[in-house]
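Report on the following structure.
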Amino acid sequence: MAIDVHTHVVPADFPAYAGRAGGQRWPQMHACDHPGHKTVVIGDKPFRTVSDHSWDVARRLQDMAAEDVQMQVLSPMPELLSYWFDADDALAMARHVNGTIAGMVAAAPQRFAGLGMVPLQDPELAAAQMQTLRREYGLVGVEVGSNINGKPIGHPDHAPFFAAAVENDLAVFVHALHPAGADRVIGPPLLQALIAFPNENGFAVASMITGGLLDRFPGLRIGFSHGGGSFGMVLPRLQSGWETLRGEHAFLPHAPIDYARRMYYDALVYDDLALRYLIDLYGADRLMVGSDYPFAIREPAPGRRIVGLGLPPAQRDAILRGNARAYLRLPG
């Protein structure tokens, strides 16, 4: 039985826009022709049609039983993170989404844990909201985008947020968002998620290492979606460059691989060979199960791939459950 750290929630409905700055990108839910589905509309354009698995606890529990998932960690659909809003509007959206996730967790607290969201376009405001995630909503962490309106998540400007994550003992989960290089992807929009997202994740991991935040906040518990994306191939090159330039020309006080092995990564890489490489690179104590449930490009029964690798039992159980418990401070 697995703990799935990478699943998403979309509320069944959104409140009417009540801000003052203009609600052109405020989402709404519209009925559609498919039973059990609704369409997320942003502005006047459909963004994504989602099933009721996105908000219905009973439907999720049925799927979890069929797919050997002991617990799902619920996080917002990334497009709901709202960094492009006025900060007050983003805070209003965060309260609605956090409340939705908290309600789902409360309905089955042994089967769900929750990650909330904060208005990170204003790092000080985001930091001030962090204590409410645990105290008011009972959540165990926060999901953030790989960049905040183009600024990498590892930028030093985000230090107040990370300080609050450590102070409030909250895990941080980084998800690709509005990727760099999307304009270079040739083909239908779906390919951005398949091609540009992994590179965006790679940039995010690198920014946490080179931006100095891991040195400033050694107690930070931070994880990345999709195995950290392309960073697994970047790390050996970064490590070689550091070793070549070590000493007075070193660009980091410690080896890049040491920083990389302090962070967590989900195992959602869709391939046994890629997963074995990440186990060798980061360590079996750094990987966790992830599925991207309930969206189309997900891995059904994600723990079964881990079991199928034939790992030693201690490594298998760490990836299936133990590492997620350590990352999220879940009871054993």
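No value in this document is a laboratory result; all are computed from the given coordinates. Keep in mind that this is a model prediction, so the values were computed, not measured. All Cβ positions, even for glycine, are placed from backbone atoms using ideal geometry, and neighbour counts span all protein chains on display.
Assorted remarks:
- Considering only I257, M1, G223, and ranking their Cα positions along the charge dipole of the chain that arises from unit charges at the beta-carbon of Lys, Arg, Asp and Glu, the one farthest toward the positive end is M1.
- Principal axes of the range 187-332: Cα extent on each, largest first, Å: 49, 45, 25
- Total charge dipole magnitude, the range 23-141, about the Cα centre, Cβ charges on Lys, Arg, Asp, Glu only, Debye to nearest 20: 220
- Among L278, L91, L252, residue whose mean-square fluctuation peaks in a GNM of the chain (springs only between Cα atoms under 10 Å): L252
- Within the shell defined by Cβ-Cβ distances under 11 Å, the residues around L320 carry a net charge of +2, with Lys and Arg each +1 and Asp and Glu each -1.
- In this structure, D157 and A58 have a Cβ-Cβ separation that, at R0 = 25 Å, corresponds to a calculated FRET efficiency of about 0.05.
- Each Lys and Arg contributes +1 and each Asp and Glu -1, all at the Cβ; summed about the Cα centre of the chain, the dipole is approximately 400 debye.
- Each residue, E136 and A182, gets one label point 7 Å from its Cα in the Cβ direction; the gap between the two is 2.9 nm.
- When the chain is treated as a GNM with alpha-carbon contacts under 10 Å, the residue of D280, D292, D317 showing the greatest mean-square fluctuation is D280.
- The range 273-332 and the range 1-54 have their alpha-carbon centroids 28 Å apart.
- Counted by neighbouring Cβ atoms within 10 Å, the residues F203, F295, F173 run from fewest to most as F295, F203, F173.
- Taking label points 7 Å from Cα along the Cα-to-Cβ direction, D33 and A65 give a separation of 3.4 nm.
- Förster radius 30 Å - calculated FRET efficiency between A326 and E248, Cβ distance, rounded to 0.05: 0.25
- 15 Å cut-off, amide nitrogen to a point 7 angstrom out along K45 Cα→Cβ, residues in the range 53-88: 79
- Panel note: the C-alpha atoms of the range 249-314, placed on their principal axes, show extents of 46, 30, 17 Å (largest first).
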